[in-house]
2 protein chains.
Amino acid sequence: MENALRDAGVRITRQRRLLVQVLAEADDHPDANALHRRAHANDPKVSLATVYRTLSVLEEAGVIDRHAFEGKPARFETSDRPHHDHLIDLETGAVIEFRSEKIERLQAEIAAELGYDIVHHRLELYARKQG
Amino acid sequence: MENALRDAGVRITRQRRLLVQVLAEADDHPDANALHRRAHANDPKVSLATVYRTLSVLEEAGVIDRHAFEGKPARFETSDRPHHDHLIDLETGAVIEFRSEKIERLQAEIAAELGYDIVHHRLELYARKQG
DNA sequence: CCATTGTTGCAAATAATTCTCAACTGCATT
DNA sequence: AATGCAGTTGAGAATTATTTGCAACAATGG
C-alpha cells in the first residue's frame, strides 16, 4: 500500500506509515477518533489533526474509502475490497453485503440521462425477514 | 398537515405553523439554516434552535423526511410526495430527484433472494456534471 | 380566564472537522 | 553524509452543525 502511495506522489512520513498500518489491521470500520486512539498507542505524538489530514490524503490517493452513515462521524476502511452495497436487517441490525451489476448499470444510465457522471453512490436496503 | 400534527398530539404554536408553511412552499431541499432564513423573513422572532427542535418534532410525527447527505448539513422535505431517490451534484450541492421503476424492482428482487422484504431504502448518487 | 405543561429564545455547550502557524522532516541533490 | 526546501506536523484556536439549560412565555383543557 505504501508503494501505491509513493506512486501517487504522496510523501511517506512516520505518521502516515503508522496510520496505513492501523487501517490495514482494522477489521471493523473505525472513525477518525478510533484511529487516533489506535495510532496513539504506538506513537503518542501523532495528533488528531494529522489523522484527519492523513485520512483525506489516503482517500484522495484512493487507498481507503470514507463512509458517512446518518449524522454519525465518518468511518473508514481500506479500499482493497470489491465494491458492495448493504442490506440492513431491521430486527437484528445485521448487515448483509451484496452487489448487483444490473443496479450499478441502471444507476449510471439514470445519471447519464440527467447529464451526470457518478462519482460514488450509497445504496442501503432496510428490510425484514420474509414471513 | 396541521391536522395530522394535532392528531399526533403535537401542540400547534405560531412558529410551528410558520415552519410547516415554509416547508410546504419549498420545492427544493432546504437545510435548517435555509429554513430559518425563510421563516425569519416572516417572523424575525423565530430562533434557529426552535427550527431545529421543530424539525425533529415534525420528523417524529412523520410529516417530513430528513436526509443526511454526506458530510453536509441535514436537508428536509415534506413526506406527502411519492417516493423518489436523490442525485447530489457534488459541485453545487443541488439535489435532483429521480425515480426508476427498474431499480425499485431490482432492489426487491435482491432482497427476496436474500430472504427479505424491503421496508424502505436509501439510494443516493453523488455525481458531477458531464464534461 | 387560569393553571398546567409544553414551547421558545438566548446563550453556552458539544461534536466533528478544518485551519493557522511556527517548528520539523522527507527526499532529491550535492 | 550534509543541505535546501517544499511539504508535513502538533497544538490549539476556529468553524460548522446541532443540542441543551434555563427563565420567560404561550397553547390547550377545564
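At a probe radius of 1.4 angstrom, the accessible area of region A:85-127 per residue rounds to 49 square angstrom.
Relative contact order of region A:2-78, taken over Cα pairs closer than 8 Å and 6 or more residues apart, is 32 percent. In chain B, the DSSP-assigned H stretches of four residues or longer account for a calculated mean residue ellipticity at 222 nm of -12500 deg cm²/dmol, using -39500 (n - 2.57) per stretch and the full residue count as denominator. Largest GNM mean-square fluctuation across B:108, B:94, B:24, computed for chain B with C-alpha springs under 10 Å, falls on B:108.
Legend: mean number of C-beta atoms from other chains within 10 angstrom of residue C-beta atoms, peptide B:49-62, equals 0. Once the C-beta distance of residue B:2 and residue A:40 is scaled by a Förster radius of 35 Å, the resulting FRET efficiency is 0.10 to the nearest 0.05. With a 1.4 angstrom probe, the accessible area lost at the B-A interface totals about 3300 Å². Ascending distances from the residue A:42 label point to its copies in the other chains, with the point 7 Å along the Cα-to-beta-carbon line: 5.6 nm. When chain B is treated as a GNM, springs tying every alpha-carbon pair under 10 Å, which of B:99, B:38, B:75 comes out with the largest mean-square fluctuation? In the Gaussian network model the winner is B:99.
Per residue, region A:2-78 exposes an accessible area of 60 Å² to a 1.4 Å probe, with every protein chain left in place. When chain A is treated as a GNM with alpha-carbon contacts under 10 Å, the residue of A:71, A:115, A:62 showing the greatest mean-square fluctuation is A:115. For chain A, what % of the accessible area comes from carbon and sulfur atoms, probe 1.4 Å? Of the solvent-accessible surface of chain A, carbon and sulfur hold 47 percent.
For chain B, the Cα-based Rg and Dmax, in that order, read 17.0, 54 Å. Per residue, the average separation of C-alpha pairs within less than 8 Å and at least 6 apart gives region A:85-127 a relative contact order of 53 percent. Normalised by the number of residues in chain A, the mean separation of alpha-carbon contacts (under 8 Å, six or more apart) gives a relative contact order of 18 percent.
The values are calculated or read from the model by the stated rules, or taken from the named source; none is laboratory data. On a predicted model such as this, the values are computed, not experimentally measured, just so you know. As a convention, Cβ positions derive from the backbone with ideal geometry for all residues, glycine included, and neighbour counts pool all protein chains shown. The accessibility values were calculated without ligands, DNA or RNA, using every heavy atom of the protein model including side chains. Shrake-Rupley method; radii C 1.70, N 1.55, O 1.52, S 1.80 Å.
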